[in-house]
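Before any comments, here is the structure.
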Amino acid sequence: MLDQDFTQALQALRSTFRDIRAVVDVDALEADIARLSEEAGAPDLWDDVENAQKVTSALSHRQAELKRVSAVEQRIDDLDVLVELAAEMDDADAEEEARQELAALEEVVGQLEVQTLLDGEYDGRGAVVTIRSGAGGDDATDFAEMLMRMYLRWAERHGYPVKVMDTSYAEGAGIKSATFEVDAPYAFGTLSVEAGTHRLARISPFGSADKRQTSFAAVEVIPVMEEAQEVDVPENDIRVDVFRSSGPGGQSVNTTDSAVRITHLPTGLVVSMQNEKSQIQNRAAAMRVLQTRLLLLKREEEAAKKKELAGTITASWGDQMRSYFLYGQQLVKDLRTGYEVGNPATVFDGDLDGLIAAGIKWRKRKEDD
């Protein structure tokens, strides 16, 4: 027999979902999809390739967002039917199935609720993530590769498309750096709380002294922004280097020099791309990321100037944001939120939702203060 606690929990779930549906504004979302579908169906759509890509990308993202909300709504309706069936038939198996589904739905709705906190200017966009190894030698490059796998597994768990844009392998273990794009609604708002310095402490597998080794890796997250293409980058301001793409251990994987590295001379920003098939494609991808970084840099400078004029300058929260302990007490701890996970293996296998949700809530509180 389903008890009162179950009934109250189900009522609370329905109430939370109604609030989420109102914030998402499903009616407006459906109207956007109808408008974009009409634009996407125009016979001359691909006469303007750039605009066509914007339209189809926006349509895909909105359809995915609506599908996610609609799927949860359908599951809640199905749970109501299951509860009625369990009550009518006095079926213990149906009751247990209803309890399990309620627990699963509470987790999914909780994730949707966190998403409603993502109301920043770029939060709804896809994300470009760059991971760079820091101090720590082979341990650091190995750690950087562990982080890359962690984020790719997280994206895979959620069914988010990922495109690896560049990977620079270390001479020993792991990678020096990697850049990949997550093409999903709210990928930037979600993953942006992962930006900052990550620290790993463990007994090094690369040394013979069995001593604890601390290593570092930096994570950068920027939004995918179409308007970044409007940023003018004079040819005189960049240096373009072409080199041969390489795989693990420096082994050549291409017969032509197709990889591209662009250096923005005034700022020192460097972007490398090597995973496209041609030099032209790699250069275009690198320029898109460079333009986005320049646009964000410009806006950050403007925001900093406004804060300076207002007399309120705050320190960045991104540095030293998380520690991973793989010796003694196994632990992953977020230094901003205090959120802890006692099983690092699950985190490195992509189970990041708890850490990310805590980070989003923490950031929202900081913004509201």
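Considering the zone a paramagnetic label at Ala92 would reach in this model (a point 7 Å from Cα along the Cα-to-Cβ line), which residues of region 1-20 have amide N under 17 Å from it?
1-3
Looking only at Asp78, Asp166, Asp47, which one moves most when the chain is put into a Gaussian network model with springs between Cα atoms under 10 Å?
Maximum among the listed residues: Asp47.
So what J values fall out for region 180-196 if you push phi through Karplus, 6.51 cos²θ - 1.76 cosθ + 1.60 with θ = phi - 60°, rounded to Hz, Gly and Pro as x?
9, 10, 9, 9, 8, x, 6, 4, 5, x, 6, 7, 4, 6, 8, 5, x
Could you pull the Cα extents of the chain along its three principal axes, largest to smallest, in whole Å?
Between the extreme Cα coordinates on each principal axis of the chain lie 74, 66, 54 Å.
Based on alpha-carbon centroids, what's the gap between region 204-223 and region 16-50 in Å, whole number please?
Between the Cα centre of region 204-223 and that of region 16-50, the gap is 43 Å.
Give me the 1.4 Å probe accessible area per residue for the chain, excluding ligands and nucleic acids, in Å².
Accessible area per residue: 53 Å².
Using 0.36 nm times the number of residues separating Glu107 and Lys67, minus their current alpha carbon distance, what extension gain do you get?
12.7 nm
Between Phe143, Val108, Pro161, whose Cα lies farthest towards the positive end of the dipole of region 74-172 when Lys and Arg beta carbons carry +1 and Asp and Glu beta carbons carry -1, centred on the Cα centre?
Most positive-ward Cα: Phe143.
Any chance you could give the angle, 0 to 90 degrees and rounded to 10, that helix 353-368 forms with the longest Cα principal axis of the chain?
Roughly 80 degrees, rounded to the nearest 10.
Taking every DSSP beta bridge with both residues inside the chain, roughly what % is antiparallel (nearest 5)?
Just about 90 percent of them are antiparallel.
For the chain, what is the calculated [θ] at 222 nm in deg cm²/dmol (nearest 500), taking -39500 (n - 2.57) for each run of four or more DSSP H residues and dividing by its residue count? Show your work: numbers first, answer last.
On the way: 9 runs with 181 residues, N = 369.
That comes out to -17000 deg cm²/dmol.
Which angle between 0 and 90 degrees, to the nearest 10, do you get for helix 26-40 versus the longest principal axis of the chain when only C-alpha atoms count?
50
Within the chain, what whole-number % of the accessible surface is contributed by carbon and sulfur, with the 1.4 Å probe and all protein chains included in the calculation? Kindly include the intermediate steps, with their values, before the conclusion.
Values: 9380 of 19560 Å².
It is 48 percent, rounded to a whole number.
Using heavy-atom solvent-accessible surface (probe 1.4 Å) with all chains present, what is the largest-first order of Glu276, Glu73? If you can, show how the numbers build up before the last one.
Details: Glu276 40, Glu73 60 Å².
Sorted descending by solvent-accessible area, the residues read Glu73, Glu276.
In what sequence, largest accessible area first, do Arg153, Arg299 appear using a 1.4 Å probe?
Sorted by accessible area, descending: Arg299, Arg153.
How far, in nm, would the chain grow between Glu171 and Thr56 when pulled straight, counting 0.36 nm per residue and subtracting the alpha carbon separation? Please report the intermediate quantities before stating the final value.
Values: separation 115, 0.36 × 115 = 41.40 nm, distance 4.05 nm.
Length gained, Glu171 through Thr56: 37.4 nm.
The values are calculated or read from the model by the stated rules, or taken from the named source; none is laboratory data. Just so you know, these numbers come straight off a predicted model, no measurement behind them. Don't worry about glycine lacking a Cβ; one is built from the backbone with ideal geometry, like all the others, and counts go over all protein chains shown. Just the protein is used for accessible areas: all its heavy atoms, side chains included, with ligands, DNA and RNA removed. Shrake-Rupley method; radii C 1.70, N 1.55, O 1.52, S 1.80 Å.
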